[in-house]
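Every read-out reported here was derived from the displayed coordinates using simple, explicitly stated rules and does not represent laboratory data. Given the structure is predicted, the values throughout are model-derived calculations rather than measurements. Cβ sites come from the backbone with ideal geometry, for glycine too, and all protein chains shown count toward neighbours.
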Amino acid sequence: MKDIYFNQDYGLLYEKIENGKCEIYEFQNTLGSVRHLFIKREIPIRLPDGEKYYDLTTPYGYGGPVMETADGTDKRKLAQAFVLDFGQYCKRENIVSEFVRFHPVLENAVDFGEFYDTAFMRNTIQTRLAATEDPLLSEYSPSVRRYIRKALKQGVEYQVYVNPESLDKFRELYLQTMERNKADDYYYFDEDYFNQCLNLLGPQLVIVEVSWKGTVIAMSLNFVSDGVLHVHLTGSLEEYHGLYAPNILQYALLRWGLENNIRLIHHGGGRTNDPDDKLYLYKKKYGRAQELEFHVGRKIWNSEIYEQLCREAAVEVGSCFFPAYRQNLRVKEEVK
């Protein structure tokens, strides 16, 4: 699987954040193959049996198992065979539960929804480049197109860099933005994260830099793989928002994407599933034609141990938080 979210180096980037180990499980039979990348985390709760137990989670972003089928294969049978085999692996490895963020572009929730407790979280936004003759006209809202024209007329410029030498300038701008927006701690990536990002994923990093009169006023960090651009992190200077820098960040990606055979730009979704979520409504201005669906999946592989862990943690088994036994451990199962 070429998409960056299924790249082991991407998973390695989140081992420290998730306090676990990136692993890949591969299953193959005559029906096809399934590849599953995840972070395996030790559960910091000790039970009387003295055993170490683990749970699985998708690295920040999207993922889940993905299948490649042989011609004419019944995809359901392949998914079923994988789940049976993976269940045996989880039993051997003392894996209690699993949380999956399925990939909206690949729609792998459709293939595995029968075997996981899946839930629709929210729509995500895409700018389709290959599927439309003029994406600027068909995907962007009239107001955004107007802001772009105003910004360019005022002398706002942009540059796009692939495989940058450093992320220091971006990191500084990003952290300023997070502080201004009082963002959750989960989104405060440290210096080591950005260094690892550069070392592990350098050729797949696309940086956009927006400037005005020689001053950098906005930047974005994006991932490119298999004809898809994923918008990852952005930062901007508040005092220059009247120059429509965030709109130019997106416009620069669109222009670069059209020149480099990118078929779509994936922006993610809002902070919530509220149809009036401000971030969702903002992103919607860059992808009016067709939205994508983001689903999560939950799986309890060992219900007996899961219940024991919940009792030890003094939480209800049926808690909305998953896995419930981590509810009081302040390990956030955030979604993008």
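Structure data summary
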quantity	calculated
Over region 224-327, volume per residue of the alpha carbon convex hull, in Å³	172
Inverse mean reciprocal Cα-Cα distance (Kirkwood Rh) of region 154-210, Å	12.6
Nearest-ten-degree value, helix 245-259 long axis tilted from longest Cα axis of the chain	80
Cut-off 20 Å, label 7 Å out along Cα→Cβ of A289, residues of region 234-272 by amide N	250-269
Trypsin sites (Lys or Arg not before Pro) restricted to DSSP loop in region 1-83 with at most 13 other C-beta within 10 Å	K2, R46, K52
Placed amide H near M121: partners under 5 Å, 5+ positions off or other chain	F294, H295, V296
Estimated dipole of region 91-157 in Debye, rounded to 20 [Cβ of Lys and Arg +1, of Asp and Glu -1, Cα centre]	560
Percent of beta bridges antiparallel (DSSP, region 203-309, rounded to nearest 5)	85
Amide hydrogen neighbours beyond the local backbone of I217, cut-off 5 Å, H modeled	V210, S211, W212
Antiparallel bridge percentage (DSSP; both residues within the chain; nearest 5)	90
Pairs beyond 25 Å (Cα-Cα), from K21/K182; K16/K299; K40/K91; K16/K169	K21/K182
Amide H contacts under 5 Å for G268, placed H, 5+ residues apart	I125
Residue among M67, L253, Q327 farthest towards the positive dipole end of the chain, charges placed on Cβ	L253
Span from the region 180-206 Cα centroid across to the region 232-269 one, whole angstrom	17
Of L198, Y187, L281, farthest towards positive along the dipole that unit charges on Lys, Arg, Asp, Glu beta carbons give the chain	L281
Unit charges on C-beta of K, R, D, E only; dipole of region 132-262, Debye	740
Largest-first principal axis extents, alpha carbons of region 132-262, Å	40, 36, 28
Qualifying aspartates and glutamates (Cα of each under 14 Å from Cα of K284; at least 8 residues distant if same chain)	E139, D274, D276, E293
Computed over the chain: relative contact order in percent, which uses C-alpha pairs under 8 Å that are six or more apart	23
For region 241-294: rounded, prolate or oblate by the Cα gyration tensor [a/c cutoff 1.5]	oblate
Inter-label distance for F120 and D134, nm, one decimal - labels placed 7 Å from Cα along Cα-to-Cβ	3.3
Separation in nanometres of the label points that stand 7 Å from Cα toward Cβ, at E307 and E15	3.6
Which labelled figure in (i) 21.4; (ii) 18.2; (iii) 15.9 is mean projected area of the Cα convex hull in nm², once derived from the coordinates	(ii)
Separation in nanometres of the label points that stand 7 Å from Cα toward Cβ, at Q28 and S319	4.1
Region 275-289 - phi-based ³J(HN,Hα) in whole Hz, Karplus 6.51/-1.76/1.60, Gly and Pro as x	x, 9, 4, 5, 5, 4, 5, 5, 5, 4, 5, 10, x, 8, 7
Computed helical MRE - 222 nm, the chain, DSSP H runs ≥ 4 contributing -39500 (n - 2.57), nearest 500	-9000 deg cm²/dmol
